[in-house]
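What follows is a single structure, written as structure tokens, with notes after it.
The values are calculated or read from the model by the stated rules, or taken from the named source; none is laboratory data. Fair warning: this is a prediction, and the values are worked out from it, not measured in the lab. Note that we place each Cβ from the backbone using ideal geometry, even for glycine, and neighbour counts take in every protein chain shown. The accessibility values were calculated without ligands, DNA or RNA, using every heavy atom of the protein model including side chains. Shrake-Rupley method; radii C 1.70, N 1.55, O 1.52, S 1.80 Å.
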Amino acid sequence: MDTSIWRPILYLLGFMAFAGLNAAYLGWCERKGAARIQRRTGPMEVGPQGLWQPLADGLKLMSKQLLIPQGVDGILFRVAPILAMIPALTSMAVIPFAGNVQARAVGLSVLLIFALASVGMMAVLLGGWASGNKYSLISAARAVSQNLAYEIPMLVTVITIVMLTGTMNLEQIAAAQQGGFWNWNIFPVAGHSLAQAIIMPISFVIFFICSVAETNRAPFDMAEAESELIAGHMTEYGSMGFGLFMMGEYLNMVIGACLITILFLGGWDGPLGLSGGIWWFLAKIYLLLFTVIWVRWTYPRTQIYKLLNLSWKILIPFSLVNLVLTAAFIKIF
Amino acid sequence: MNEPVQCRADETFVLNLGPQHPATHGVLRVKLTMDGEYIVNAEPVLGYIHRMHEKMAEDGTFAQFMPNTARMDYLHALAYNHGYCLAVERAAGIEVPERAEYIRVITVELNRLTSHLLWWAAFLLDLGGFSPLLYAFDDREQILDLLERITGSRLTYCYFRFGGVYNDIDDVFITGTYAVIKRLRSRLPRLYHDLVTHNIILKKRITGIGILSREQARRYGCTGPVARGSGIDYDVRKNEPYSVYSEFDFEVPVYEEGDSMARYMVRMDEIEQSMRIIEQALDKLPDGPVRAKVPKILKPPAGDYWASVETARGDLGHRLVCDGGKNPYKLKLRSPTFSNLSCFGEVAEGMLLADALAFMGSLDLVIPEIDR
Amino acid sequence: MSFVEETGNSLLALFPQSTNVDKKSAGEPEAVEKGARRHGIMITDHAERGTAVDVFCAPEQVVAAAKIMDEIGFFLEAVTGVDWIKEDRLEVIYDYNHYGFEPCRVVIRTFISRTEPEIPTISHILPAADWHERETHDFYGIRFAGHPNLVPLLLSEDADFHPLLKDFTP
């Protein structure tokens, strides 16, 4: 069964359904969450509590004409939204949701996910470039500089984890943290030194900030800062082109939350030694996603150069120090 | 962050900000010459909502222009009512009953609160903070309900009459106003200041951005919160008291820094001061008529007159030239934002696009008032 | 000496006796005239008129006047015109104000010909005048000589009409 071709296909179908559902209903959650924060009720008309709203939105987007404005680079303009979705969907294949719930066990899955995430950023770049709109162009330039700045501390932090666990396989990283929250990487009290217990929470914070920035979410949504750049790289897109960008964005959020869960929060492990399972994994990623939504509706946007300063002047030095200290601890103890 | 911009002429591009753009709050267009994200040259292009109100004033009688006044600064319409009434009353020598003066002050200050609340909401929206909009609108709505009760409209008021006001206020309005002020007072420190003013992202975003020096502010004729944020202690209500403002105890907040944060703080402090004025006015409210006897058709003696009021955006001047007829011979509207915006080009030079928009937001632009 | 009188005295520099504009020949409208002018300067009642110092000068003198106002720390409120079609001339009015606590608004007025409306610009002295002069050019067709960018501001770019002239027909 393991080697059969059906397993990845079935899993992929399942994950695609999961991804689609997430992309649609995270939008709903975001609207509801924002509404609650702002003392409104949010969508209420379509279905109970507005539950069918994402379906209605999807139908509307799909039934709209796909407009290709004059003067755009036709091929790149069409490719960009697809490129926003594909890497996110592909990344889903290597994420272990539970001990054996994984489409494809890839030895270097950490590396693969980061490679795919970089491809995803190409979508923003291409979309912004091909639109032939100056706002989109600025957005593309911002996206690239932002991505460049935030991948470095993110990767350095991941190297810390990889050094601790000795593997680049996500499933093994999660498996190493089983048996209660004290084994999780975020507070690795058991089995590691106390000094590391201080380093790892910092790593977690760095990684969380970076993943918010990587997924272009407020307060770091420089690429689509709507009060400056209208909608950034999405300005010229309508109908499903826009829809794919939105879905890609939400999927990237899900992937980011999955990564944090696996790298720091013990994957599918239940806290307090409760029996683990996929429900714990889902609970953790939705908690993280809610935090991201909460942050977006609370804080104003920061500024592009402050964002870059934060990365180059604070996050990168801190993550490098973390890396060096971790290496030292591993060598000494 | 404002290092000198160095660029070659062939490396710049022109970015048209507006007339349809989320940050311009209306139909302002700014022609930006950009070097990457830096602004090399900024030139506001006005007139997209120009309606020639000054010509309309000459075409009708004095009273017929009254409704037009609210169509300029629609966020602080009662101040425009007030300014025009003051000019005509000065020309025609009309005495206003004391109760009417108090009601004018109360309603104008309530309207100032709504204007500042809306500015706050829109400014935060410019900076990407969405939730404050709804909080401010919640409070603003309460005040609008009160004003609607006595003026009959919610935005474009035509409440003042020559020699008084249209309608007397009642007990429901008075108790409602006290309640609204109490509610706003309880919400200001937590919802407005803790959540937003003391927010580190907001502070870093607008402190030191868009510095308008005292001298620049004077040379460009800036008034209102823009001037007060640059250390100029100038408020028409204090410097040249009109109506019954001299009878109230209030302060004029002045900040020396001249950056967007200073302008922000001036407006936030003014909310508090406006509430103080309203409370004092309600406490002292005298009895009496609310409208003097004024002939239906006014024919002020020939001459020219100036009258200034302080709107939420600054010094609003009306220059009224009469020739003894029943129409104004000439009415010049000196709108505060027109002068305030004229400094934009000089200050925005060398700024980043996003900073320039934060600066523009802090000027509190109301485009129909600029274009008139 | 009150601030208003000081301001009036500073403005006296505009009027050395030799170049004193004769009130009669310039034909100031009687309507505006209530007090006595010392040379071209009249101190008016602020409560009655809304302005405290009323200066009447020749068109060439507005630049010198602007320099004086700039030096003594005034800011420009507005520039506007009035079309006195019966007398066949245009009045140009500059309103100045200061940030102090004594009400002292200064109005500087001058008359120019209606057929050849031209007056020197003051925008190089007070940049606030830039837009106000453009607006006055829009509405009255007054050419501000030396203005760097005298294109329509509030009217459309190709506007060649001046709506506030009394003989304007849309």
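Within region B:33-58, take every residue that is among the β-branched types (Val, Ile, Thr) and closer than 19 Å to B:Ile209 by Cα and give me the one that is least open to solvent (accessible area, probe 1.4 Å).
Only one residue fits best here, namely B:Ile39.
Of all residues in region C:92-137, count the ones that are open to solvent by less than 10 Å² (accessible area, probe 1.4 Å), within 19 Å of B:Phe338 (Cβ to Cβ) and either charged (D, E, K, R) or touching an Asp or Glu at 6+ places or on another chain (Cβ under 7 Å) (or both).
Of the residues in region C:92-137, 9 are open to solvent by less than 10 Å² (accessible area, probe 1.4 Å), within 19 Å of B:Phe338 (Cβ to Cβ) and either charged (D, E, K, R) or touching an Asp or Glu at 6+ places or on another chain (Cβ under 7 Å) (or both).
What's the number of the condition B:Asn111 fails, among (1) modelled with pLDDT of 90 or more; (2) under 30 Å from B:Lys296 (Cβ atoms); (3) more than 19 Å from the chain's Cα centre (by Cα)?
Among (1) modelled with pLDDT of 90 or more; (2) under 30 Å from B:Lys296 (Cβ atoms); (3) more than 19 Å from the chain's Cα centre (by Cα), the lone unmet condition for B:Asn111 is (3).
Going by what's in this entry, would C:Ile85 be described as more than 10 Å from chain B (Cβ to nearest Cβ) and open to solvent by less than 20 Å² (accessible area, probe 1.4 Å)?
no
Considering only residues that are touching a helix residue (DSSP H, G or I) at 6+ places or on another chain (Cβ under 8 Å) and of a type in the set (Phe, Trp, Tyr), which ones fall in region A:287-317?
Those that are touching a helix residue (DSSP H, G or I) at 6+ places or on another chain (Cβ under 8 Å) and of a type in the set (Phe, Trp, Tyr): A:Phe290, A:Trp294, A:Trp297, A:Tyr299, A:Trp312.
What's the number of the only condition in (1) under 17 Å from the mean Cα position of the chain (by Cα); (2) open to solvent by 40 Å² or more (accessible area, probe 1.4 Å); (3) of a type outside the set (Ser, Thr, Tyr) that A:Met62 fails to meet?
(1)
Quick check on region B:264-307: of everything there that is facing another protein chain (nearest Cβ under 10 Å) and open to solvent by less than 10 Å² (accessible area, probe 1.4 Å), which residue is farthest from B:Glu369 (Cα to Cα)?
The qualifying residue farthest from B:Glu369 (Cα to Cα) is B:Gly303.
Quick check, is A:Ser227 over 16 Å from A:Phe208 (Cα atoms) and of a type in the set (Gly, Ala, Ser)?
Here the answer is yes, as A:Ser227 does meet what is asked.
C:Thr115 fails exactly one of the following numbered conditions: (1) in contact with a Gly (Cβ under 6 Å, 6 or more places away or on another chain); (2) more than 8 Å from chain B (Cβ to nearest Cβ); (3) part of a loop (DSSP other than H, G, I, E, B). What is the number of that condition?
Unmet condition: (1).
Go through region B:231-285 and give me each residue that's of a type outside the set (A, V, I, L, M, F, W, C), free of Cβ contacts under 8 Å to residues at least 60 places away in the same chain, assigned to a loop (DSSP other than H, G, I, E, B) and within 22 Å of C:Phe74 (Cβ to Cβ).
Correct list: B:Gly231, B:Asp233, B:Pro241, B:Glu256, B:Gly258.
In the list A:Leu288, A:Leu259, A:Leu272, which residue meets the criterion of being more than 28 Å from A:Val124 (Cβ to Cβ) and either among the polar types (S, T, N, Q) or out of contact with any strand residue (DSSP E or B) (no Cβ under 8 Å at 6 or more places or on another chain) (or both)?
Selected residue: A:Leu272, the only one of A:Leu288, A:Leu259, A:Leu272 that is more than 28 Å from A:Val124 (Cβ to Cβ) and either among the polar types (S, T, N, Q) or out of contact with any strand residue (DSSP E or B) (no Cβ under 8 Å at 6 or more places or on another chain) (or both).
Evaluate the following for B:Gly325: is it within 14 Å of chain C (Cβ to nearest Cβ), within 16 Å of B:Gly221 (Cα to Cα) and open to solvent by 10 Å² or more (accessible area, probe 1.4 Å)?
The answer is no for B:Gly325.
Specify the residue that is least open to solvent (accessible area, probe 1.4 Å); the eligible residues are those in region A:2-50 that are at positive phi and not small (Gly, Ala, Ser).
Within region A:2-50, the match that is least open to solvent (accessible area, probe 1.4 Å) is A:Gln49.
Which condition does B:Leu125 not pass, out of (1) within 14 Å of chain A (Cβ to nearest Cβ); (2) under 30 Å from B:Ile297 (Cβ atoms), if it passes all the others?
Every condition holds for B:Leu125 apart from (2).
Please find, among B:Leu117, B:Leu124, the residue that is under 14 Å from the mean Cα position of the chain (by Cα), in a helix (DSSP H, G or I) and farther than 21 Å from B:Asp249 by Cα.
That would be B:Leu117, the only listed residue that is under 14 Å from the mean Cα position of the chain (by Cα), in a helix (DSSP H, G or I) and farther than 21 Å from B:Asp249 by Cα.
Just to be sure, is A:Ala149 assigned to a helix (DSSP H, G or I), under 19 Å from the mean Cα position of the chain (by Cα) and closer than 30 Å to A:Ile199 by Cα?
Answer is yes for this residue.
So which residues in region B:31-60 are within 11 Å of chain C (Cβ to nearest Cβ), in a loop (DSSP other than H, G, I, E, B) and on the phi < 0 side of the Ramachandran plot, if there are any at all?
B:Leu46, B:Tyr48, B:Ile49, B:His50, B:Arg51
Considering A:Leu325, A:Leu272, A:Leu263, A:Leu320, which residue is buried (at least 17 other Cβ atoms within 10 Å of the Cβ), assigned to a helix (DSSP H, G or I) and either in contact with a Lys or Arg (Cβ under 8 Å, 6 or more places away or on another chain) or touching a residue at least 24 places away in the same chain (Cβ under 8 Å) (or both)?
A:Leu263
When you look at C:Asp88, is it at pLDDT below 90 and on the phi > 0 side of the Ramachandran plot, yes or no?
Here the answer is yes, as C:Asp88 does meet what is asked.
So B:Thr197 clears everything in (1) closer than 28 Å to B:Gly350 by Cβ; (2) touching a Ser or Thr at 6+ places or on another chain (Cβ under 6 Å) except one condition, right? Which one?
The single condition B:Thr197 does not satisfy is (2).
Among (1) open to solvent by 30 Å² or more (accessible area, probe 1.4 Å); (2) within 14 Å of another protein chain (Cβ to nearest Cβ); (3) more than 16 Å from B:Glu43 (Cβ to Cβ); (4) of a type outside the set (Val, Ile, Thr), which single condition is C:Leu155 missing?
Status for C:Leu155: all satisfied but (1).
For region A:308-317, enumerate the residues that are touching a residue at least 40 places away in the same chain (Cβ under 8 Å) and open to solvent by 80 Å² or more (accessible area, probe 1.4 Å).
Selection gives A:Trp312 alone.
Here's a check for you: in region B:218-231, which residue that is out of contact with any Gly (no Cβ under 8 Å at 6 or more places or on another chain) and surrounded by 24 or more Cβ atoms within 10 Å (Cβ to Cβ) is farthest from B:Leu341 (Cα to Cα)?
The selected residue is B:Arg228.
Looking at B:Arg228, is it in contact with a helix residue (DSSP H, G or I) (Cβ under 8 Å, 6 or more places away or on another chain) and either within 14 Å of chain C (Cβ to nearest Cβ) or modelled with pLDDT of 90 or more (or both)?
Yes: the conditions hold for B:Arg228.
I need the full set of residues from region A:132-180 which are hydrophobic (A, V, I, L, M, F, W, C) and within 14 Å of chain B (Cβ to nearest Cβ), in order please.
Selection gives A:Leu137, A:Ile138, A:Ala140, A:Ala141, A:Ala143, A:Val144.
Under 6 Å by Cβ, and 6 or more places apart or on different chains, what pairs join a residue from region B:346-360 that is more than 9 Å from every other protein chain (Cβ to nearest Cβ) and in contact (Cβ under 8 Å) with a residue 12 or more places away in the chain with one that is surrounded by fewer than 21 Cβ atoms within 10 Å (Cβ to Cβ) and outside any helix (DSSP H, G or I)?
B:Gly350/B:Asn2; B:Gly350/B:Val5
Scanning region B:165-197 for residues that are aliphatic (A, V, I, L, M) and either open to solvent by 40 Å² or more (accessible area, probe 1.4 Å) or not in a helix (DSSP H, G or I) (or both), which turns out farthest from the other protein chains (Cβ to nearest Cβ)?
Restricting to residues being aliphatic (A, V, I, L, M) and either open to solvent by 40 Å² or more (accessible area, probe 1.4 Å) or not in a helix (DSSP H, G or I) (or both), the top hit is B:Ile169.
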